[in-house]
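**Student:** Pasting a structure below so you can have a look.
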Amino acid sequence: MANIRMMEPTPFDVETGILVIGAGAGGLVTALRARAAGAEVLVLERDPLPRGSTALSAGLIPAAGTRFQAASGIKDSQAGFAADIRRKAKDKGDPRRVEMAVNAIGPALEWLADAHGLPFSVIDNFTYPGHSAYRMHGLPSRSGAELMDHLREAAERAGVDIVTEARAETLLVERGGNRILGVEIVRPDGTRDQVGCHALVLACNGYGGNRALVAEHIPGLKDALYFGHPGNQGEAVLWGRQLGAQLVDLSGHQGHGSVAEPHGILLTWATMTEGGFQVNIRGERFSDESRGYSEQAAAVLAQPERLAYSFFDTRIAAIARQFEDFRNIEAAGALIEAPDLAALARRLGLPETALAATAAAIDEARRTGTPDALGRIWTETKPLAAPFCAVKITGALFHTQGGLGIDAEARVLAEDGTRLANLFAVGGAAAGVSGPEASGYLSGNGLLTAVAFGYLAGDAASRLAL
Ligand SMILES: Cc1cc2nc3c(=O)[nH]c(=O)nc-3n(C[C@H](O)[C@H](O)[C@H](O)COP(=O)(O)OP(=O)(O)OC[C@H]3O[C@@H](n4cnc5c(N)ncnc54)[C@H](O)[C@@H]3O)c2cc1C
């Protein structure tokens, strides 16, 4: 439920300067930044413990020109990063939002490290598809749960009030205008409270958990496994519609063509970028894995039984093992290893001859240096070497990338391009930088707009609230 109620301005029992809906990365970075500016901040979170999709993620955030890159001797530029985002989205994303995100994210990460002690480092042993430099910044365990632990603890230290088990349901809007006066929340026992505010920040992510909205905007994934947080119910879009806000690129999303089946654990795409490949149950490849994992979700789901197998080797497994998810895949017994491909095919129940032909076609493409029949170029990766590994996988929807149109301060725009009076949107609630297609998602675009837009919104909202 996402309602709007028009009303006359009135004093509320509880009032705050900045009210933030959602305590994921976007909401907590907004809150931390606003607190640093001296604003009073209250965050509403529907869950008993703030986690969001952020805690489900690998917590990897791309940024260019940071001191963390410099410490690892990595040369990169914001212009190069912006060009990579635009290229992946085939120039269909808004260049203004790209610039805004790319310029803000480096300072945001350095500030989180300096002011709140987040120990970022850069992954420098493999690149994600579409990134022209090592620029994925993560915390030691490379997990979003660790990112959330750090942000939550920082928020507590900074005096940010986080009210949990408080689902925002109704925006209270000044009659005759669009100024948000406050929000009505619902508690698990059905009781309701109202909180007044000077500025409202929507940080409640997108609509991946709302089947009806997914069917409306991403029909190809309407029956796909949803791998994000179930609380991402699309209220930002639903409230935005009622307020006459711009709704941008709603079909944009991050899919993922590499979730261990039936275990439901993410298998890192490094398994593909380092030289692995995927086959269907017939032992045949079906798309160019080097394009990226987002568009691969629909490609996998189009295969017989909606399944595929990711093949790689123990060298690649050693790289993947830095991720907690990969270690969990091994612990769950989802990783199958064998001394040669024929033995692996037998263990997986795949046709040996077809798999051998698939491997031979890859060897031939590598030998000749020409793209294979699906367009993948193999000369940039090492050949797989025995022993070999495989994981049974399926495709999933991770999160949506479309959302509310915002200006350079993350303030929500109306359809006519003017600003709404005091409403902001960050992370998955705001329109992202990926354009309208799954293939437009460049790795890291999700947390990029959560952290960068949160950093900008915290500053701008505090100017309204002080
Ligand atoms: C498995 C997986 C892996 C990923 N890996 C990466 C990665 O490595 N790098 C990357 O950049 N992106 C990644 N992403 C995407 C990334 O997780 C999201 O883009 C990002 O976390 C969005 O942050 P957010 O703050 O907008 O939303 P969230 O983290 O989802 O936070 C939103 C919060 O709002 C709360 N909420 C929602 N509605 C209400 C309401 N009405 N009232 C109160 N509270 C509400 C929710 O409970 C939630 O806590 C991944 C996503 C998934 C699912």
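The values are calculated or read from the model by the stated rules, or taken from the named source; none is laboratory data. Predicted model, so just to flag it, every value in this text is computed and none were measured. Backbone-built Cβ (ideal geometry, glycine too); neighbour counts: all protein chains shown. Surface areas here come from the heavy atoms of the whole protein model, side chains and all, with no ligands, DNA or RNA. Shrake-Rupley method; radii C 1.70, N 1.55, O 1.52, S 1.80 Å.
**Student:** Please determine whether any residue of segment 42-60 is farther than 30 Å from Ile162 by Cα and either of a type in the set (S, T, N, Q) or at pLDDT 95 or above (or both). Full working, then the answer.
**Tutor:** Going through segment 42-60, the residues farther than 30 Å from Ile162 by Cα turn out to be none.
No; the residues of segment 42-60 include none that is farther than 30 Å from Ile162 by Cα and either of a type in the set (S, T, N, Q) or at pLDDT 95 or above (or both).
**Student:** Filtering segment 117-144 down to residues that are open to solvent by 40 Å² or more (accessible area, probe 1.4 Å) and hydroxyl-bearing (Ser, Thr, Tyr), which residue is farthest from Ala317 (Cα to Cα)?
**Tutor:** Ser132
Conditions tested, residue by residue: (1) open to solvent by less than 20 Å² (accessible area, probe 1.4 Å); (2) at pLDDT below 95; (3) in contact with a strand residue (DSSP E or B) (Cβ under 9 Å, 6 or more places away or on another chain).
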position	(1), (2), (3)
Leu225	no, yes, yes
Ala236	yes, no, yes
Gly240	yes, no, yes
Ala245	yes, no, yes
Asp249	no, no, yes
Gly264	no, yes, yes
Thr271	yes, no, yes
Gly276	yes, no, yes
Asn280	yes, no, yes
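**Student:** Still on this structure: When you look at Ala308, is it touching a helix residue (DSSP H, G or I) at 6+ places or on another chain (Cβ under 6 Å), of a type outside the set (Asp, Glu) and open to solvent by less than 10 Å² (accessible area, probe 1.4 Å), yes or no? If you could, list the steps in order and put the result at the bottom.
**Tutor:** Numbers: touching a helix residue (DSSP H, G or I) at 6+ places or on another chain (Cβ under 6 Å): yes; of a type outside the set (Asp, Glu): yes; open to solvent by less than 10 Å² (accessible area, probe 1.4 Å): yes.
In short, yes.
**Student:** Please name all residue pairs, on different chains or six or more residues apart, with Cβ atoms under 6 Å, provided the first residue is in segment 439-458 and is within 15 Å of Asn103 (Cα to Cα) and in a helix (DSSP H, G or I) and the second residue is more than 9 Å from the ligand (Cβ to nearest atom) and basic (Lys, Arg).
**Tutor:** Note: pairs meeting the criteria are Tyr455/Arg33.
**Student:** Counting only residues that are within 13 Å of the ligand (Cβ to nearest atom) and either open to solvent by 40 Å² or more (accessible area, probe 1.4 Å) or aliphatic (A, V, I, L, M) (or both), which one in segment 58-80 is nearest to Gln322 (Cα to Cα)? First the steps, then the outcome.
**Tutor:** So the first thing to find is which residues in segment 58-80 are within 13 Å of the ligand (Cβ to nearest atom), and the list is 58-63.
Checking which are either open to solvent by 40 Å² or more (accessible area, probe 1.4 Å) or aliphatic (A, V, I, L, M) (or both) leaves us with 58, 60-61, 63.
Values: Ala58: 11, Leu60: 13, Ile61: 16, Ala63: 20 Å.
Here the residue is Ala58.
**Student:** List the helices (runs of 4 or more DSSP H) inside segment 284-363, counting only whole elements, that have at least 3 residues being touching a residue at least 60 places away in the same chain (Cβ under 8 Å).
**Tutor:** Values: elements: 296-301, 314-320, 324-331, 341-348.
Answer list for segment 284-363: 296-301, 314-320, 324-331.
**Student:** Follow-up. Determine if segment 12-19 includes at least one residue that is small (Gly, Ala, Ser), farther than 30 Å from Ser77 by Cβ and touching a Phe, Trp or Tyr at 6+ places or on another chain (Cβ under 8 Å). Working first, answer last.
**Tutor:** Residues of segment 12-19 small (Gly, Ala, Ser): 17.
Pick out the ones that are also farther than 30 Å from Ser77 by Cβ and you get 17.
Checking the rest, the ones that are also touching a Phe, Trp or Tyr at 6+ places or on another chain (Cβ under 8 Å) come to none.
Looking for residues that are small (Gly, Ala, Ser), farther than 30 Å from Ser77 by Cβ and touching a Phe, Trp or Tyr at 6+ places or on another chain (Cβ under 8 Å), one finds none in segment 12-19, hence no.
**Student:** Looking at Ala414, Ala452, which one is open to solvent by less than 20 Å² (accessible area, probe 1.4 Å) and within 15 Å of the ligand (Cβ to nearest atom)? Can you show your working first?
**Tutor:** Details: Ala414 fails: within 15 Å of the ligand (Cβ to nearest atom).
It is Ala452.
**Student:** Out of Ala166, Ala83, which single residue is under 30 Å from Lys382 (Cα atoms) and either open to solvent by less than 10 Å² (accessible area, probe 1.4 Å) or hydrophobic (A, V, I, L, M, F, W, C) (or both)?
**Tutor:** On the way: Ala166 fails: under 30 Å from Lys382 (Cα atoms).
From the options Ala166, Ala83, the qualifying one is Ala83.
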